[in-house]
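Read through the structure below, which is laid out as structure tokens, and then see the notes.
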Amino acid sequence: MARQVVFTSKAAKPPPAYSQAVKRSSLDKIASVTVVLAEEEDFAGMNEEWLKWFPSKPPDRQGAKLPVRIPGLRISIAAIAKA
């Protein structure tokens, strides 16, 4: 699968040096995910959404709270997957 840059107007516009997301694999090939939330109270909602995408055999996951405020950013997700 070729690398595909993803852009949506529903998310914060990234600076010129960044992409909102890049797709190079599939959900079933994800090994590890890092989730960074802007607000702790979003954790329960993130878990609900997580179970929709990974109802069984979920990948490894780490989480953190964003240490700085970035306008429009509520969540940042980084995934490592086999190509």
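The figures follow:
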item	result
Relative contact order computed over the chain (Cα-Cα under 8 Å; 6+ residues apart), in percent	41 percent
Inter-label distance for residue 80 and residue 60, nm, one decimal - labels placed 7 Å from Cα along Cα-to-Cβ	0.6 nm
Debye intensity ratio I(q)/I(0), log10, the chain, q values 0.26, 0.27 Å⁻¹ (C-alpha model)	-1.44, -1.45
Formal net charge of residues neighbouring residue 74 (Cβ-Cβ distance under 10 Å; K, R +1; D, E -1)	-2
Helix-only [θ]222 nm of the chain, DSSP H runs n ≥ 4, -39500 (n - 2.57) each, per residue, nearest 500	-4000 deg cm²/dmol
Given 23/65; 23/57; 29/52; 10/65, the pairs whose alpha carbons are separated by over 19 Å	23/65; 23/57; 10/65
Furthest towards positive pole of dipole, 4, 43, 55, structure part the stretch 4-81, Cβ charges	4
Along principal axes, Cα extents of the stretch 39-83, largest first, whole Å	32, 25, 16
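Every number here is computed from the coordinates shown, using simple stated rules; none is lab data. These figures come from a predicted structure and were not determined experimentally. FYI the Cβ positions are ideal-geometry reconstructions off the backbone, even for glycines, and counts take in every protein chain you see.
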